[in-house]
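Heads up: the structure comes next, in structure tokens.
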Amino acid sequence: MDSNRQQKVSKLFQEELAEAFRKWAVKEFPGNLISVTEVKVTPDLSVSKIYVSIFPSTQKDEIFKEIKVNTPLFRGILSKSASKQMRITPELIFILDNSLDEMDKIDKALRGEGNNPIL
């Protein structure tokens, strides 16, 4: 159960990172959509796990690698926006969210497309 403080910080980080990714993707990877699906913050607010979804998934691995390389850039963006509310900006851990890919696989299987061994 997250505290109110954790929920507020998570929401703030999700909004700020979504905007940062939008601007960054336009310059670095035009035609790709990077969205922040969820942010989880530890109770002591020292670590944030950011779940990122990338569409289309053709360059997913390359884009995610670049996100990890640019972690200090995104942490700096968060420190500027959250400087009034927080003393220290948490460490950022990016996690690739594959839920959209899994939903697409299930949808294709239900329609009878793909390599479904049961059908």
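The values are calculated or read from the model by the stated rules, or taken from the named source; none is laboratory data. Being a predicted model, the structure only gives us computed values, none of them experimental. Here the Cβ positions follow ideal geometry from the backbone for every residue, glycine too, while neighbour counts run over all protein chains shown. When the accessible area is computed, the model is the full protein with side chains, heavy atoms only, and any ligands, DNA or RNA have been set aside. Shrake-Rupley method; radii C 1.70, N 1.55, O 1.52, S 1.80 Å.
Find the relative contact order for the chain and round it to a whole percent, using C-alpha pairs within less than 8 Å whose residues are 6+ positions apart. Display every interim value, and only then the final one.
Details: 131 pairs, mean separation 28.1, N = 119.
Reported as a whole number, the value is 24 percent.
Return an integer: the convex hull volume of the alpha-carbon atoms of region 4-111, in Å³ per residue. Present the calculation step by step, with values, prior to reporting the outcome.
On the way: hull volume 11.2 nm³, N = 108.
Dividing the Cα hull volume of region 4-111 by its residue count gives 104 Å³.
For the chain, what % of the accessible area comes from carbon and sulfur atoms, probe 1.4 Å? All intermediate terms of the calculation are to be shown ahead of the outcome.
Working: 4330 of 8040 Å².
Using a 1.4 Å probe with all protein chains present, the chain comes out at 54 percent carbon and sulfur.
For the chain, what is the number of Lys pairs with C-alpha distance below 13 angstrom, counting only pairs 8 or more positions apart or on separate chains?
Values: LYS8/LYS40; LYS11/LYS40; LYS11/LYS49; LYS40/LYS49; LYS49/LYS68; LYS60/LYS68.
Taking the Cα cut-off of 13 Å, the pair count is 6.
Helix by helix, which DSSP H runs in the chain go 15 Å or more along their axis at the Cα atoms and have an average Kyte-Doolittle hydropathy of 0.0 or more?
Details: long enough: 4-28 (35 Å, -1.09); 71-81 (16 Å, 0.20); 99-111 (18 Å, -0.87).
Span-like helices in the chain: 71-81.
State in Å² the accessible area per residue of region 4-111; use a 1.4 Å probe, count heavy atoms of protein chains only, and round to the nearest integer. Let's see the in-between values first.
On the way: 6890 Å² over 108 residues.
Normalised by residue count, the accessible surface of region 4-111 is 64 Å².
Subtracting the Cα-Cα distance from 0.36 nm times the residue separation, let me have the gained length for PHE29 to ASN98 in nm, one decimal.
Full extension from PHE29 to ASN98 adds 22.9 nm.
Between GLU15 and GLU113, what's the calculated FRET efficiency when r is the beta-carbon distance and R0 is 30 Å? Round to 0.05. Don't skip to the answer; put the middle values down first.
Details: r = 36 Å, r/R0 = 1.21.
Computed FRET efficiency for GLU15 and GLU113 comes out at 0.25.
Between ASP44 and LYS80, what is the spin-label point distance in nm, taking each point 7 Å from the Cα along the Cα→C-beta axis?
2.9 nm
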